[in-house]
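The values are calculated or read from the model by the stated rules, or taken from the named source; none is laboratory data. Please read these numbers as outputs of a predicted model, since none were measured by experiment. Here the Cβ positions follow ideal geometry from the backbone for every residue, glycine too, while neighbour counts run over all protein chains shown.
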Amino acid sequence: MKVAQLQQSIREYAHAIGIDKIGFTTAAPFLELKNRLKRQQELGYQSGFEESDVEKRTEPTLLLDQAESIIAIAVAYPSKMDASPKGKKGERRGIFCRASWGMDYHVVLREKLQLLETFIATQVPDAKMRSMVDTGELVDRAVAERAGIGWSAKNCSIITPEFGSYVYLGEMITNIPFAPDTPMEDECKDCTLCLDACPTGALIQGGQLNAQRCIAFLTQSKKPIPEEFRAKIGNRIYGCDTCQTVCPKNKGKYNLHQEAFAPEPQLTKPLLTPMLKLTNRQFKESFGHMSGSWRGKNPIQRNAILALAHFKEEASVPLLAELLVSDPRPLIRGTTAWALGEIATAEAIEAVQQALQTEEDPGVRIELNNVLESEQRKC
């Protein structure tokens, strides 16, 4: 089969297995990206989750011998949830970002790429292929941009005309010399809504992100969240959608057609206080199929405590007071101390005072003392 025919057959098969967009590009180095990544490292803007070797992130031939092309795919995910549960006083809810609704996208896209690999192998038995989704060395957005999937937007997402920026990305490096698709023109133009709306100023300029300030990163960190960001987390317990929801290109893009990503309302907007009582096993049983569970329950529970502080949920004080003295994790005790200081009822402050008498962890003691010093300044 000729390469052009194979390329068309791959496009048709991709759509048949639920891939929403597919594009092709060369395996040439991403030279401009290499310079940007090195600059990001120098500025300390990286999250730490990405591959540290810039050469591997920008040189496809280092990842697959005789690489000629890269196939980029995009699968849309929903931006709208029907029957969204409403929180209320005494029953506050958190929220997982849209990219964590339904099944873990890593699993879904890997399955589709595996099907694609199998299909190509039936046509070209000696084809070499290597696929990756999100956690691979290549920068998904850079590949998608060059393959014509969409343009690289100021909010550091790929925006597609059909689905907005609500798309998951993956790619496959291969030794087959496919004809490259044409990149799209940047349509952000002079719009700066995403930069203006970012709660923490993480979007430094169009297309440049300081991950250390990004709420999506902060909610995944296993460390205590710096105090300057805590109140800005709101009721987000995983991820952040602000720079997407304000984007005009996402208006009316609901993308409800992928069943695997259909949101489960009680899980995507869970009650906060029950989350604080979950064991590891219970957490995995309820949330383990979601991409937002990948860091385990500790960061999620910490974020749930911040959300209760955001709501100043007085009904949660007895539970928080119990966690403050009985939870074995300094991360949880320290966050709980801050939250009780934000709620600041007499019962909350009394719980902080009592905990200080027995707390031994230096970091938690700092949090406790900060609360009491803040209260003294109010007097």
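Restricting attention to segment 108-127, which residues are β-branched (Val, Ile, Thr) and touching a residue at least 60 places away in the same chain (Cβ under 8 Å)?
Of everything in segment 108-127, those that are β-branched (Val, Ile, Thr) and touching a residue at least 60 places away in the same chain (Cβ under 8 Å) turn out to be Val108, Ile120, Val124.
Name the residue that is modelled with the lowest pLDDT, counting only residues in segment 71-127 that are surrounded by fewer than 18 Cβ atoms within 10 Å (Cβ to Cβ), in a loop (DSSP other than H, G, I, E, B) and among the charged types (D, E, K, R).
Out of the qualifying residues, it is Asp82.
Go through segment 1-60 and give me each residue that's of a type in the set (S, T, N, Q), over 24 Å from Gln205 (Cα atoms) and either surrounded by fewer than 18 Cβ atoms within 10 Å (Cβ to Cβ) or touching a helix residue (DSSP H, G or I) at 6+ places or on another chain (Cβ under 7 Å) (or both).
Gln5, Gln8, Ser9, Thr25, Thr26
Which one of these does Lys86 not meet: (1) touching a residue at least 60 places away in the same chain (Cβ under 8 Å); (2) within 25 Å of Lys251 (Cβ to Cβ)?
(1)
Checking the structure you have, find out if any residue of segment 97-107 is in contact (Cβ under 8 Å) with a residue 60 or more places away in the chain, among the hydroxyl-bearing types (Ser, Thr, Tyr) and more than 26 Å from Ile305 (Cβ to Cβ).
The answer is yes, given that some residue of segment 97-107 is in contact (Cβ under 8 Å) with a residue 60 or more places away in the chain, among the hydroxyl-bearing types (Ser, Thr, Tyr) and more than 26 Å from Ile305 (Cβ to Cβ).
How many of the residues making up segment 258-288 are among the β-branched types (Val, Ile, Thr) and in contact (Cβ under 8 Å) with a residue 12 or more places away in the chain? Step through it out loud before you land on a result.
Initial filter on segment 258-288 (among the β-branched types (Val, Ile, Thr)): 268, 273, 279.
Narrowing the set further to residues that are in contact (Cβ under 8 Å) with a residue 12 or more places away in the chain leaves 268, 273.
Of the residues in that region, 2 qualify.
Considering segment 51-65 alone, what residues qualify as being in contact (Cβ under 8 Å) with a residue 24 or more places away in the chain, in a loop (DSSP other than H, G, I, E, B) and within 23 Å of the chain's Cα centre (by Cα)?
Matches in segment 51-65: Glu51, Asp53.
Only one of (1) farther than 28 Å from Ala216 by Cβ; (2) at pLDDT below 95; (3) of a type in the set (Ser, Thr, Tyr) fails for Ser52. Which number is that?
Checking Ser52 against (1) farther than 28 Å from Ala216 by Cβ; (2) at pLDDT below 95; (3) of a type in the set (Ser, Thr, Tyr), the one that fails is (1).
Does segment 11-47 hold any residues that are part of a loop (DSSP other than H, G, I, E, B), under 29 Å from Phe163 (Cβ atoms) and touching a residue at least 60 places away in the same chain (Cβ under 8 Å), and which are they?
Our first condition is that a residue be part of a loop (DSSP other than H, G, I, E, B); within segment 11-47, this holds for 17-20, 27-30, 44-47.
With under 29 Å from Phe163 (Cβ atoms) added as a condition, the list becomes 17-20, 27-30, 45-47.
Within segment 11-47, Ile17, Gly18, Ile19, Asp20, Ala27, Phe30, Tyr45, Gln46, Ser47 meet the criteria.
What are the residues in segment 212-229 that are under 21 Å from Leu340 (Cα atoms), surrounded by 19 or more Cβ atoms within 10 Å (Cβ to Cβ) and touching a residue at least 40 places away in the same chain (Cβ under 8 Å), if any?
Thr219, Ile225
Mind checking which pairs have a first residue in segment 244-257 that is in a helix (DSSP H, G or I) and a second that is of a type in the set (Phe, Trp, Tyr), Cβ under 8 Å, 6 or more apart or different chains?
Close Cβ pairs satisfying both conditions: Gln244/Tyr166; Asn250/Tyr166.
Given the conditions (1) under 22 Å from Gly94 (Cα atoms); (2) surrounded by fewer than 19 Cβ atoms within 10 Å (Cβ to Cβ), report the number of the one that Pro180 does not fulfil.
Looking at each condition in turn, Pro180 falls short on (1).
When you go through Ser157, Ser152, Ser165, Ser131 one by one, which is the residue that is farther than 24 Å from Cys243 by Cα, touching a helix residue (DSSP H, G or I) at 6+ places or on another chain (Cβ under 8 Å) and of a type in the set (Gly, Ala, Ser)? Walk me through how you get there before you give the answer.
Values: Ser157 fails: farther than 24 Å from Cys243 by Cα; Ser152 fails: farther than 24 Å from Cys243 by Cα; Ser165 fails: farther than 24 Å from Cys243 by Cα.
Selected residue: Ser131, the only one of Ser157, Ser152, Ser165, Ser131 that is farther than 24 Å from Cys243 by Cα, touching a helix residue (DSSP H, G or I) at 6+ places or on another chain (Cβ under 8 Å) and of a type in the set (Gly, Ala, Ser).
Enumerate the helices (runs of 4 or more DSSP H) found wholly within segment 295-379, keeping only those where 2 or more residues are more than 32 Å from the chain's Cα centre (by Cα) and surrounded by 22 or more Cβ atoms within 10 Å (Cβ to Cβ).
Working: elements: 297-311, 317-326, 330-343, 346-356, 362-378.
The helices (runs of 4 or more DSSP H) meeting that bar are 346-356.
Considering only residues that are out of contact with any strand residue (DSSP E or B) (no Cβ under 9 Å at 6 or more places or on another chain) and of a type in the set (Val, Ile, Thr), look in segment 243-281 and name the one that is surrounded by the most Cβ atoms within 10 Å (Cβ to Cβ).
Looking at the filtered set, the residue picked out is Val246.
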